[in-house]
Each structure stands twice: as C-alpha cells, then as structure tokens.
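Enquirer: Please see the structure below; I have some questions.
The values are calculated or read from the model by the stated rules, or taken from the named source; none is laboratory data. These figures come from a predicted structure and were not determined experimentally. Note that we place each Cβ from the backbone using ideal geometry, even for glycine, and neighbour counts take in every protein chain shown.
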Amino acid sequence: MATVSSTAARGGMATGGGAGGGSGDAGKLLAKIESKRAVIGVVGLGYVGLPLVVEFARAGYKVLGFDVSERVVAGLKAGRSHIQDVPSDALAAHIAAGLFEPTTEMGRITECDVVSICVPTPLSKTRDPDVSYVVSATQSVAEAIRPGQLVVLESTTYPGTTRELMQPLLEASGLRVGEDFFLCFSPERVDPGNERWKTRNTPRVIGGITPTCLEVAVALYGRVMDTIVPVSSPEAAELTKLLENTFRSINIALVNEMAQASDRLGVDVWEVIDAAATKPFGFMKFVPGPGIGGHCIPLDPHYLAWKMRTLNYKTRMIELAGEINSEMPHFVVDKVQDALNAQRKALNGSRILLLGVAYKKDIDDVRESPALDVIKLLEEKGALVDYHDPFVAALRDEGELRGRPSVELTDTALRDGDCVVIVTDHTGIDYERVVRLAPLVVDTRNATRGLNSPNVVHLTDGHRALALPVA
Ligand SMILES: NC(=O)c1ccc[n+]([C@@H]2O[C@H](COP(=O)([O-])OP(=O)(O)OC[C@H]3O[C@@H](n4cnc5c(N)ncnc54)[C@H](O)[C@@H]3O)[C@@H](O)[C@H]2O)c1
C-alpha cells in the first residue's frame, strides 16, 4: 500500500471508516478495488496513458485501453509499443495474461469500474486552451456511464475543468456525482526518458469533487502508486500541476535571460550556473538552451493565463517567461549567422546540419521542439538545412517539415557542411568527432564542454565568434 501524504488531513479525506464510502455504490467499488476485481479503463493511450496501463496491469487489475486512433490500437494489439518508456515485451506480456486489451470501441467504457482520461490538451491557433479532446472523451464516458464508476481526469488543464466542464456532461446522464458516480482530477507528472522517476514512484496528487470521490480514488491509486497526496478539491489538484510546470517555464526563462546577459558580458553562463549550484540551499539548477518543447512546459502555463484572463487578471510572469523562451530559437539563429560571418560566409546558401530535433535529450518526442523553429528560421534566411537525430528517423506531423528524414552522421556530412548546430544533446553522439570534423559548431547545450576546440561557439560566448579561424 502507498504512503498517504499528511496533506490528506488538509485534503479533507476520511482516513478511517470512510467518507460514506463504506456502503452503497462507493462501498461496492471499494470492495472491487481491494479484491482487484475492478476493471480499469484508460482513455488515450499516449505518453501518459500507456505507462498508466502498464502500472494498473502490473498491480493485477484488468485494463481496457481506449483510443480513437486505429493505428495506435492496431499496433498495441500486435504487442508493439509506440511509447519509448514502455517496452513492447511488458505490453505483450500483459496482453497475453489477459490483463490489457486495447480497443477503439468507446461503448465498452460501460464494462469499466474506473475510467482514467489521458487525452491531449493542446492550445488553439490563438493559444487558448483546446479542451475539445477532454470534452469528446467525457462525452464518450457520459454515453456509457453507469452507477458505481469512478472517473479521473489526468490531462493537464485549467482549474475548473473537472467541476465546470466534466461534471455537468456526466450528470446529464441523470446520475449524481458523489452518490452514483465519483469524479476526481489527478495530474499525471510523467517525465519521458527519466530513468529514476516513473509513473509508479512519482507521488500522485488527487482532488475529488466530494470526500467520497477522493476516498475511492485514493484507495485505487494507493494500490498502484507508491505515494498519494490528497488535496481538498479538483481545482487544487489542477492548479498544482500548473504551478509545477509554470515554475519550470519561469525558471528556464530566467536562465535563458541569464544566457543572453552573459553573452553580452562575455561571461560563460554554464560556469556561473555550476558555481551557483554549489550553494546548498535556496538555489535550484536550471540550464539554458535553444527554447522549450514537449507537450507540457510550452503549453500548460497558457491554460492558467487563459483562465485568469476570464477572471480579469493578467498573469504577467507567465507571459514574460513565454516571451523569453520563444525568443531563444531566434537567438540561436543569430548565433549561427554571426559565427558564419566570422568565417566570411553568409547564412544564405550555407549548409547547416542540426544535431537533434527532439525537444530534450534521449527521447523521440518532437512536439513543440525548438529545433523545428530553428530549422524554419534558418531556411527563411536561405540556409540549406538537414538534421540528424538517432531517435527521430523522420519528422511525422510537423506541418511543412513533415516527411523530412534524419540524415546519417557520416564523416562527409560533418566535414562538407558549413556549420553543425547542436540543438539536442543526445548522449549517444560522439561530440569529440563532431568537433574534430566539422568546420564550425554552434553548441546550444554545452554538449562539447571540455573539448576546448577553437571552432566551437557556445550559446553564450558570441564575443568569441570574432576570433574564429576562417575556414
Ligand atoms: N507527454 C508528457 O510528458 C506529459 C506529462 C504529464 C502530463 N501530460 C498531459 O497528459 C495529457 C496527454 O498527453 P500525452 O502526451 O499522453 O498525449 P498523446 O498525444 O501522447 O496521447 C493522447 C492519446 O489520446 C488519444 N485520443 C485523443 N482523443 C481521444 C478520445 N476522445 N478518446 C480516446 N482517445 C483519444 C490520441 O489518439 C492519443 O493516442 C495532456 O493533457 C498532457 O498535457 C503529458
């Protein structure tokens, strides 16, 4: 059983005797959870949903996995994982044991005792929340809902989504929350590629519409996750997730600003950050880079900013952090242009090889990756751009860049180009070889740290560009 954080007291959770959960539909659900007879439905089988499936199945629960994508479901049925952190053999073993069944038949939600919703929450073109996936998944649940079900939203979203958007859709069935069915928000905190912190050992925050809702969710997640952190409401849980990701966005923006300041001061920002990180208290290390990416940090703070606009409040720090972070690809392109200029070359017509298009190292996720902006900006200025990424064989859904393949990292590719730009510092790349063969390297991640090569320009030592050897 999981540790339940002491926040439970503040969360208003009944820890003994149950908050009315001992009888009726809640009692039956609790009994099923305890005896592992509860059937779990996971709606949305992506980066968040699939690891969750594996955890529920590992704990011995039967899981029905729902996805609208035929391609995703067909692959999973064949035992093939499309998520890097989920090994195909683990998936295949759960399928063979009858513990996991992927399906596109949303009507089968009625077979589930618990439904966990893990669908995307992107931004619209105007950078407002696009909750259409949450609405559509909730409607699928509403069409199949029956007494005694627990519904948990795990998608990141603005405070109020669970209560104001989902609850009315589900109650349109005639069932009442807290009595007939149970509704909670529990943010997924998965960090793709993180070897230490996984779905199971990352503490779980849960907020329920009623104390009984919270009680049944804590009972279930407590059997699957190591640590549970109950909070007093879905809004508190929704805002917790937004605070975490806004914290990252703002701190990354701060070091990105430091990088630009250091560049003008002629100071090595990496040295400064490492020195600051020796302070044993009151400082947390963040590193600069070419910008932010992934499905969380660039998007989630805008969910809060939007919600606050509806309440006539402007979240200034969120806006500013977004502005600084989104300027970084321009800063990188200026750096490349200056470095080429020092070698008496124009960016227009230069052959640029980008190393890494994933938004962070050792993963295959290119959503919102700053590399995509860097490619577009370089090409707008007439550069001829290729990329190499051992994790991304080709760009798939990236608009005008769709279909572009990763090129091989041959000696010729390194030698014959005009500049290599390190955008993602994947560990498998031999940076010593890159620096030895390429005429010019712009390193946005400090991947060439310690190599001390005269043909390398770091993110923050633009002043050195003038001293570059002319090729
Ligand atoms: N990726 C991360 O690192 C991460 C981390 C924490 C939280 N989150 C949050 O989790 C949520 C899901 O993100 P993700 O990265 O797993 O997305 P994803 O795109 O990897 O997966 C979502 C899946 O949902 C499916 N889907 C869409 N609409 C559906 C519907 N109506 N019914 C059933 N399936 C549907 C899609 O086909 C897709 O397979 C988002 O809110 C995201 O912000 C993501």
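Enquirer: Six or more apart or on different chains, Cβ under 9 Å: which pairs go from a residue in segment 46-67 that's within 13 Å of the ligand (Cβ to nearest atom) to one that's part of a helix (DSSP H, G or I) and of a type outside the set (A, V, I, L, M)? Could you list them?
Expert: Val53/His94; Leu64/Arg108; Leu64/Glu111; Gly65/Gly49; Phe66/Gly49; Phe66/Arg108; Phe66/Ser140; Asp67/Gly49
Enquirer: Okay, next question. Of all residues in segment 399-432, which are out of contact with any Phe, Trp or Tyr (no Cβ under 9 Å at 6 or more places or on another chain), surrounded by 19 or more Cβ atoms within 10 Å (Cβ to Cβ), of a type outside the set (A, V, I, L, M) and in a loop (DSSP other than H, G, I, E, B)?
Expert: The answer is Gly417, Asp418.
Enquirer: To continue, here is another question. Just to be sure before I move on: is Gly417 at pLDDT below 95 and out of contact with any Ser or Thr (no Cβ under 6 Å at 6 or more places or on another chain) in the structure I sent?
Expert: No, not satisfied.
Enquirer: Is it true that some residue in segment 394-401 is modelled with pLDDT of 95 or more, more than 16 Å from the ligand (Cβ to nearest atom) and not hydrophobic (A, V, I, L, M, F, W, C)?
Expert: No, every residue in segment 394-401 fails to be modelled with pLDDT of 95 or more, more than 16 Å from the ligand (Cβ to nearest atom) and not hydrophobic (A, V, I, L, M, F, W, C).
Enquirer: Still on this structure, I have one more. Looking at (1) modelled with pLDDT of 95 or more; (2) on the phi > 0 side of the Ramachandran plot, find the lone condition where Gly18 falls short.
Expert: (1)
Enquirer: Residue check: is Ala93 among the small types (Gly, Ala, Ser), without any contact (Cβ under 8 Å) to a residue 60 or more places away in the chain, at negative phi and touching a Ser or Thr at 6+ places or on another chain (Cβ under 9 Å)?
Expert: no
Enquirer: Applying the selection to segment 96-124, what residues are in a loop (DSSP other than H, G, I, E, B) and out of contact with any Leu (no Cβ under 7 Å at 6 or more places or on another chain)?
Expert: Across segment 96-124, the qualifying residues are Ala97, Gly98, Leu99, Thr104, Glu105, Val119, Pro120, Thr121, Ser124.
Enquirer: I would also like to ask the following. Which one of Ala219, Ala253, Ala237, Ala305 is surrounded by 20 or more Cβ atoms within 10 Å (Cβ to Cβ), among the hydrophobic types (A, V, I, L, M, F, W, C), within 26 Å of Arg200 (Cβ to Cβ) and within 24 Å of the chain's Cα centre (by Cα)?
Expert: Sole residue among the options that is surrounded by 20 or more Cβ atoms within 10 Å (Cβ to Cβ), among the hydrophobic types (A, V, I, L, M, F, W, C), within 26 Å of Arg200 (Cβ to Cβ) and within 24 Å of the chain's Cα centre (by Cα): Ala237.
Enquirer: What number goes with the only condition from (1) within 21 Å of Gly46 (Cβ to Cβ); (2) polar (S, T, N, Q); (3) modelled with pLDDT under 95 that Thr126 does not pass?
Expert: (1)
Enquirer: Pick out, from segment 154-269, the strands (runs of 3 or more DSSP E) lying fully within it that include 3 or more residues that are modelled with pLDDT of 95 or more, within 16 Å of the ligand (Cβ to nearest atom) and under 30 Å from Lys28 (Cβ atoms).
Expert: By residue number, 204-208.
Enquirer: Considering segment 173-201 alone, what residues qualify as being more than 23 Å from Pro120 (Cα to Cα) and in contact with a helix residue (DSSP H, G or I) (Cβ under 9 Å, 6 or more places away or on another chain)?
Expert: Listed by number, the residues that qualify are Ser173, Val177, Gly178, Glu179, Asp180, Phe181.
Enquirer: Just to check your reading of the model, which residue among Leu76, Leu50 is closer than 24 Å to Ala2 by Cβ and either part of a helix (DSSP H, G or I) or touching a strand residue (DSSP E or B) at 6+ places or on another chain (Cβ under 9 Å) (or both)?
Expert: Answer to the check: Leu50.
Enquirer: Scan segment 117-152 residue by residue and report those that are of a type in the set (A, V, I, L, M), out of contact with any Cys (no Cβ under 6 Å at 6 or more places or on another chain) and more than 9 Å from the ligand (Cβ to nearest atom).
Expert: Those that are of a type in the set (A, V, I, L, M), out of contact with any Cys (no Cβ under 6 Å at 6 or more places or on another chain) and more than 9 Å from the ligand (Cβ to nearest atom): Leu123, Val131, Val141, Ala142, Ala144, Ile145, Leu150, Val151.
Enquirer: With respect to Ala8, determine if the residue is modelled with pLDDT of 95 or more, more than 16 Å from the ligand (Cβ to nearest atom) and within 21 Å of Arg189 (Cα to Cα).
Expert: No.
Enquirer: Can you confirm whether segment 101-113 contains a residue that is more than 13 Å from the ligand (Cβ to nearest atom) and either under 24 Å from the mean Cα position of the chain (by Cα) or among the hydroxyl-bearing types (Ser, Thr, Tyr) (or both)?
Expert: Yes, segment 101-113 has at least one match.
Enquirer: Pairs needed: first member in segment 293-321, of a type in the set (Asp, Glu) and within 16 Å of the ligand (Cβ to nearest atom); second member anywhere, modelled with pLDDT of 95 or more and not in a helix (DSSP H, G or I); C-beta distance under 7 Å; at least 6 residues apart or different chains.
Expert: Every condition considered, the pairs that remain are Asp300/Thr156.
Enquirer: In addition: Of the residues that make up segment 338-359, is at least one without any contact (Cβ under 8 Å) to a residue 24 or more places away in the chain, more than 23 Å from the chain's Cα centre (by Cα) and either surrounded by 18 or more Cβ atoms within 10 Å (Cβ to Cβ) or assigned to a helix (DSSP H, G or I) (or both)?
Expert: no
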